[in-house]
Amino acid sequence: MSAEEKIIEVDNLKKSFGENIVLKDISFNVKKSEKVVLIGPSGGGKSTLLRCLNRLEDDYEGKVLFEGENVNGASKEKLRVLRQKMGMVFQQFNLFPHKTVLENITFSPIKLKLEAPKIAVAHAHELLKQVGLSEKAAAYPQSLSGGQQQRVAIARALAMRPEVMLFDEPTSALDPEMVGDVLDVMEGLAKDGMTMIIVTHEMSFAQNIADKVLFMNDGMIADSGTAEYIFKKTNNTRTRAFLSKVM
Amino acid sequence: MFDFLKQYYPVFVEGTAQTIIISIIGILIGILLGLIFVMMRLSKIKVLSYIARVYIAIVRGTPAMIQVMLIYYTLSKVLEVPQIQFLGSGLDRVIPGSIALGINSGAYTAEIFRSGIISIPKGQTEAGLSLGLSDRTTMFSIVLPQAVRNILPALGNEFISLVKESSVLFYIGVQEVTAQALGVGGTLYDFVPPLIVAALIYFVLTFILSQLMQLLEKKMGRKYLQSN
Ligand SMILES: Nc1ncnc2c1ncn2[C@@H]1O[C@H](COP(=O)(O)OP(=O)(O)O)[C@@H](O)[C@H]1O
Ligand SMILES: [Mg+2]
């Protein structure tokens, strides 16, 4: 694949909840290996946008294409395949509390018969090593710290061998001392060439990792550009006001 | 006072066995119907949800005795059950009776399941779906196991009340323990001692059942280390 290939294409995406228009005509592309960071004030539609990409939010207008395939129009079966290719990491981790760390990671690949159980388990151990939690395979999620749980959640998403990883404020629910470990794992993924779309309030992390920053405000991409541009050069008054508040 | 037991204990043993059998069948049918109706109740398809609501409302709003008789007389018209005797009663009574218990319990069980399912955070479903799991797998492997663990105490109560309520099958001639006690009372011209025996039997049965449920709760809870 050429580096310029678009892996995700969003065209004129509109989404409302009842009367509340939450996304107003959003368009952008994500290229293979690109790191796109979404920033902006709370309530601006960042989570909704991310959730439209794998259709956790349904009933939207406009087009979302993943590797050229229409997510919005996909059949149930097709959608499930597309979701496997888009790993998602949530603010609240959402690990399965009745399963061990290892089971959390291996459940889907085994259930969906993507991998033989033995291979899935070996892969899970590799991923646990990658996120620095090799010794926690047999633990239940409740016995882990938030930062550890989030790293398991990342490993669980990676177990599906996704093409893209979506992160929705992965460190916002964490105690400050846990944030670094999670960001380190994400940086490692970025170095390995993973395509990533990240909603975050960690501005120095965003500045480091982003190839492209989208500033979302009031359901629109109010400003966008390289990290250098958004954090240093933009003249957009909203962007500057937001950044001055959070940095 | 309880001398009659020397002569009549086989009757009580038979009645107790009958009560256990109809309760177990009733509980199993109730769980099955509860699962089916909770899925319908929570379905996005309006008709299914509506049917489930109607079923639940009717069962909860009418006396169990009338339900049992209605089901018995209706089923006996459409269902050909051989007149085989089973623990002192015809299967043509035991089978519709147990089904009626299950239909009654199913409504309550569906509501218990529903309370359990809606108590599980939406994020669990979303995590399952985002991994590419189907709605069904997400429900049965992710949400329900957690829900069941949360509702075990309520389910236990429902099972216990079913065991006690199974005495309504007396009205359609199933020789369960209440019916047997009344029969013995009739021959003795004294209802109190045999009814006390029947009460004790119910108490022991429900006590054992509640102990079993507690054991199950412990077993399912242990895995989680800390409670959540
Ligand atoms: N499930 C929902 N139902 C109704 N409104 C919602 C729902 N999810 C989000 N919203 C609304 O959409 C808007 C954008 O929310 P969100 O995408 O979560 O913003 P952000 O992630 O940028 O904080 C908010 O006004 C929020 O109240
Ligand atoms: Mg959000």
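The values are calculated or read from the model by the stated rules, or taken from the named source; none is laboratory data. Since we're looking at a predicted model, the values are computed, not measured. Cβ: placed from backbone, ideal geometry, glycine included. Neighbour counts: every protein chain shown. Ligands, DNA and RNA are excluded from the accessible area calculation, which covers all protein heavy atoms including side chains. Shrake-Rupley method; radii C 1.70, N 1.55, O 1.52, S 1.80 Å.
Things to note:
- Failed condition for A:Gly44, given (1) closer than 30 Å to A:Ala139 by Cα; (2) within 15 Å of ligand 1 (Cβ to nearest atom): (1)
- Options A:Ala139, A:Ala190; residue that is touching a residue at least 60 places away in the same chain (Cβ under 8 Å) and either open to solvent by 20 Å² or more (accessible area, probe 1.4 Å) or among the hydrophobic types (A, V, I, L, M, F, W, C) (or both): A:Ala190
- Remark: pairs (first residue in region A:100-112, facing chain B (nearest Cβ under 9 Å) and open to solvent by 20 Å² or more (accessible area, probe 1.4 Å); second residue assigned to a helix (DSSP H, G or I) and among the hydroxyl-bearing types (Ser, Thr, Tyr); Cβ separation under 9 Å; 6+ apart in sequence or on different chains) = A:Phe107/B:Ser141; A:Lys111/B:Thr137; A:Lys111/B:Ser141; A:Leu112/B:Thr137.
- Where helices (runs of 4 or more DSSP H) fall entirely within region B:63-144, those with at least 1 residues that are open to solvent by 40 Å² or more (accessible area, probe 1.4 Å) and under 19 Å from B:Met40 (Cβ atoms) are at B:91-118, B:122-130.
- A:Leu166 being of a type outside the set (Gly, Ala, Ser), touching a Ser or Thr at 6+ places or on another chain (Cβ under 6 Å) and either open to solvent by 30 Å² or more (accessible area, probe 1.4 Å) or at pLDDT 95 or above (or both): no
- Members of region A:52-78 found to be open to solvent by less than 10 Å² (accessible area, probe 1.4 Å) and either without any contact (Cβ under 8 Å) to a residue 24 or more places away in the chain or within 11 Å of chain B (Cβ to nearest Cβ) (or both), listed by number: A:Leu53, A:Asn54, A:Val71
- Criterion violated by A:Leu23 - all others in (1) in a strand (DSSP E or B); (2) farther than 30 Å from B:Val143 by Cβ; (3) within 15 Å of ligand 1 (Cβ to nearest atom) satisfied: (2)
- Residues located in region A:1-20, provided they are farther than 23 Å from A:Asp223 by Cβ and within 13 Å of ligand 1 (Cβ to nearest atom): A:Phe17, A:Gly18, A:Glu19
- Conditions (1) part of a helix (DSSP H, G or I); (2) within 12 Å of another protein chain (Cβ to nearest Cβ); (3) not small (Gly, Ala, Ser): number failed by A:Leu127: (2)
- Residue match in region A:199-209 (condition: within 14 Å of chain B (Cβ to nearest Cβ), out of contact with any Asp or Glu (no Cβ under 9 Å at 6 or more places or on another chain), surrounded by fewer than 18 Cβ atoms within 10 Å (Cβ to Cβ) and farther than 20 Å from A:Phe28 by Cα): no
- Residue within region A:29-48 that is under 24 Å from A:Val179 (Cα atoms), within 16 Å of ligand 2 (Cβ to nearest atom) and within 14 Å of chain B (Cβ to nearest Cβ) present: yes
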